[in-house]
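Here's the structure, in C-alpha cells; my notes come after.
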Amino acid sequence: MRYAVFTSSANGLILADKIRDNMSAVVDIYCHENMPPRADVQSYSRLSTLLKEVFNKYSGLIFIMATGIVVRTIAPLLESKLTDPAVVVMDEKGQNIISLLSGHVGGANDLTLKLARKLGGNPVITTATDINYLVAPDVVASKLGLYPVSKEGIQVLNSALLRGETVEYFVDEETPCSRSYITKLRKNGITAHLYSKAELERVIKTTKGYKAIITKHSLLADESVLYLKPRKLVAGIGCRKGTSSVLIMKALTSACGAIGWGPERVDELASSVVKANEQGLLSVGKKLNKQVSFCENDALEKQIEAYGLQESSFVKQTIGVGNVSEAAAYCCVAHGVLALPKTKYEKVAVALVWEK
C-alpha cells in the first residue's frame, strides 16, 4: 500500500514521522512550505492545488489538521465511494483518528484502526454496520480484492443487515481462485456456496433473500443481489539478464504471498520492453497462462511522473528508465492502487498493483 500524510505544523511533522516509521507501507510526507525544508519531506504552498495532483495516486490520504479544512479542500475532488481513496483525519497529537471518507471499499475504517493501534489514539468510526459489529459485503470486497456492483446494491444489502436480515454468499466456480475465495470468506466468519454460473442464475430467479455473489460474469440484475467482481491484479517484474524462471517464480510467489494470494491470482505480468526476450519471464507467463506485457520506456516514464515513483540511478543507467516493476504494473491499468511496493528478491524485483 502507499499512503500520503499531509501536515502544516512542527507537531504534525513529528506525528507524520511516527506514522511513517510504524507503517509497513510506502508513506510520503507533505508539509507546508512555512516549515524548514527536509530532504525526506515534500513541500507544498496550497493544499488544494497539491491535492488536485495527488488525490488519486494513493491508497489512503492521512491529514494531520482540522477536519473542517480537509472537508472543504477535498469536496471538489470527490467522485464515488467506489473509487475515492481512503481519507483519515487526526489532530496533531494523534488523540482522535477519524475515518472520514471511503470507510469500506477504500479501506479508511481499517486504516483508522491500524493507525489508532500504532499511535495509541482513539479511532472514530461512524459507519452503521461497523458500530453494530456487522460484516458488510463492501468491506469483504475491499479485503478480498473485489469490486462491488452496483453502488446501489451496497446500500440495499447493508440496510438489510442492519434490519437483522441475512446475506448469503456465493462463489461462481468459473471465477479464477474460486476455492481460495471460499477459504478467505471462511476466515472472515462467512460460509459461502460454490455454484456454477447456471446454478447461480437459477438461485437468483427462484429464491428470495439477499445475496452477495463473487463472479467474473455479468449475471441477472436483481436489487437483492450484490455482485463482487475480481479486480485486475498486475505483477510488475524487473530482473537481471538471464534470470531463470525458477527464481522469477519464487519471487512472484513470495510477493503474492505478502498480500495473501498465490501467483495464480495475478491477471497479467508486466516489464520493460528491454526484457521482451527474457526466457525466464516468458516461461513464467506461459506456465501461469498469463499475458506478459512489455512497456516502452516513454510509457514507463509517464507512470513514474504520474505516480511520483522513486527511481534507481543504476537501473536508469542500465536500461534508460529508473523504475521498472512499479511503473510497468501501473501501465497495465486505467488507474492503479499499489498492493505491494517494489520488493527485491534474488535477481528479481516485483511490485503488485490492483486496478481501482
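The values are calculated or read from the model by the stated rules, or taken from the named source; none is laboratory data. Just so it is clear, the model here is predicted, and its values are computed rather than measured. Please note: Cβ atoms are built from the backbone with ideal geometry, for glycine as well, and neighbour counts cover all protein chains shown. The area values use the complete protein model at the heavy-atom level, side chains included, leaving out ligands, DNA and RNA. Shrake-Rupley method; radii C 1.70, N 1.55, O 1.52, S 1.80 Å.
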Can you sort D91, D40, D138 by solvent-accessible area, 1.4 Å probe, largest first? D40, D91, D138
For the chain, build the charge dipole from Cβ charges (+1 Lys, Arg; -1 Asp, Glu) around the Cα centre, then report which of F314, Q279, F55 sits farthest towards its positive end. Q279
In Å², and per residue, what accessible area does the stretch 237-356 have when probed at 1.4 Å with the other protein chains present? 47 Å²
Can you bin the stretch 37-76 into rounded, prolate or oblate? Criterion: square roots of the alpha carbon gyration tensor eigenvalues sorted a ≥ b ≥ c, rounded for a/c under 1.5, prolate for a/b above b/c, oblate for the rest. prolate
What does the charge dipole of the stretch 8-149 about its Cα centre add up to, to the nearest 20 debye, if the Cβ of each Lys and Arg holds +1 and the Cβ of each Asp and Glu holds -1? 80 debye
For q = 0.10, 0.20 Å⁻¹, Debye-computed log10 I/I(0) when each Cα of the stretch 1-109 counts as one equal scatterer: -0.24, -1.07
Over the stretch 93-246 - Rg/Rh using Cα atoms and the Kirkwood inverse-distance radius: 1.06
Where does the stretch 190-245 land on the Kirkwood hydrodynamic radius, alpha-carbon pairs, in angstrom? 14.2 Å
Reference-scaled alpha-carbon Rg (2.2 N^0.38 Å with N residues) for the chain: 1.04
When the stretch 251-330 is reduced to its Cα atoms, the Kirkwood hydrodynamic radius in Å: 13.3 Å
Of every Cα-Cα pair in the stretch 40-176, the percent that sits beyond 18 Å: 60 percent
Inter-site label distance for E346 and K151 at 7 Å from Cα along Cβ, in nm: 4.9 nm
With DNA, RNA and ligands ignored, accessible area of E33 (1.4 Å probe; Å², nearest 10): 110 Å²
Summarise the accessible area of the chain (1.4 Å probe, protein heavy atoms) by the percent that is carbon and sulfur. 50 percent
Given Cα pairs under 8 Å that are at least 6 residues apart, what percent is the relative contact order of the chain? 13 percent
Starting from the residue with the highest accessible area, list C295, C331 in decreasing order, probe 1.4 Å. C331, C295
Charged-residue dipole, Cβ positions (Lys, Arg, Asp, Glu), the chain about Cα centre, Debye nearest 20: 740 debye
Once each part is reduced to its C-alpha centroid, what is the distance from the stretch 104-161 to the stretch 300-349 in angstrom? 30 Å
What is the distance in Å between the Cα centroid of the stretch 211-281 and that of the stretch 1-79? 30 Å
Which of the lysines could a cross-linker span from K287 if the Cα-Cα distance has to be under 17 Å and same-chain partners fewer than 8 positions apart are dropped? K250
So for the pair T191, A75, with labels modelled 7 Å out along Cα→Cβ, what separation do we get in nm? 4.8 nm
